[in-house]
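Enquirer: The structure follows.
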């Protein structure tokens, strides 16, 4: 799920900036951005992230900010050697009259590269673990909000499904009354009652949606079970929603009641809300 955390700390004259961001993704993908001097920590950081993240696109960055005294320095030894060699050639004490030309030489500057010892690495990893734990805490807090919103939509789906059940029961009664009425109308006509019963029975079978209702009920029950688990459930929930959507489509195409079709539309709206929220679940 989408989340982020930031941390800052200092080692000697260096300020470290740690940042981790998580995005929705069907699978687990981790990207690590480290300075070359700390690239050997990548594997350990990935292992630590995997302890808390099972699915999503995670970007971890570590940047080092140097204090001004650690910026590029003038290579005084090189400069003195240049003046000394020129003095040998000219026989005079040489001085620099054009500093612009001297400073334009990239070799006249150098940067001291920091070598990180074991204590430095332990400090960096300790702060990294705290960052990832904080990231995980934010994810869990967001997860509780998502869970609440999902359960609200799921409750609406149960209410809509209850309305559909009621309408389906009414439809069955209406069909029975319709059948009895038609039989009375055709009582004195040359109508084959058996054939009429067969045709109406066939019509009822084609428009019977009780099987779809039962399956949706079962998927709702399974969804409640899965969302209670403290585990990676995102893919399972996506599969359940996919199957529920399939059953609702079948129900809509089979029903003979307009009111049920409208309820089915509202069902799909709530289902889509849950699907979007579920994309944020690992």
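Enquirer: How do the helices (runs of 4 or more DSSP H) wholly within region 34-131 filter down when requiring 1 or more residues that are in contact with a strand residue (DSSP E or B) (Cβ under 7 Å, 6 or more places away or on another chain) and either closer than 30 Å to residue 280 by Cβ or at pLDDT 90 or above (or both): which remain?
Expert: 42-50
Per-residue answers, yes or no, for (1) touching a helix residue (DSSP H, G or I) at 6+ places or on another chain (Cβ under 9 Å); (2) at pLDDT 75 or above:
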site: 184; (1), (2): no, no
site: 205; (1), (2): no, no
site: 239; (1), (2): no, yes
site: 244; (1), (2): yes, yes
site: 264; (1), (2): yes, yes
site: 271; (1), (2): yes, yes
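Enquirer: Which one of the conditions (1) at pLDDT below 90; (2) surrounded by fewer than 17 Cβ atoms within 10 Å (Cβ to Cβ); (3) more than 18 Å from the chain's Cα centre (by Cα); (4) under 19 Å from residue 156 (Cα atoms) does residue 251 fail to meet, given that it meets all the rest?
Expert: Single failed check for residue 251: (2).
Enquirer: Identify the residue in region 5-25 that is within 24 Å of the chain's Cα centre (by Cα), more than 13 Å from residue 62 (Cα to Cα) and touching a residue at least 60 places away in the same chain (Cβ under 8 Å) and, among all such residues, is surrounded by the most Cβ atoms within 10 Å (Cβ to Cβ).
Expert: The extreme case among them is 22.
Enquirer: Further question: Working only within region 136-167, note down all residues that are at pLDDT below 85 and more than 30 Å from residue 7 (Cα to Cα).
Expert: The answer is none; no residue qualifies.
Enquirer: State the number of residues belonging to region 204-230 that are farther than 18 Å from residue 270 by Cα and touching a residue at least 40 places away in the same chain (Cβ under 8 Å).
Expert: Looking only at that region, the number is 5.
The values are calculated or read from the model by the stated rules, or taken from the named source; none is laboratory data. Because the structure is predicted, anything quoted here is derived from the model rather than measured. Because the Cβ atoms are built from the backbone with ideal geometry, glycine has one as well, and the counts that use them run over all protein chains shown.
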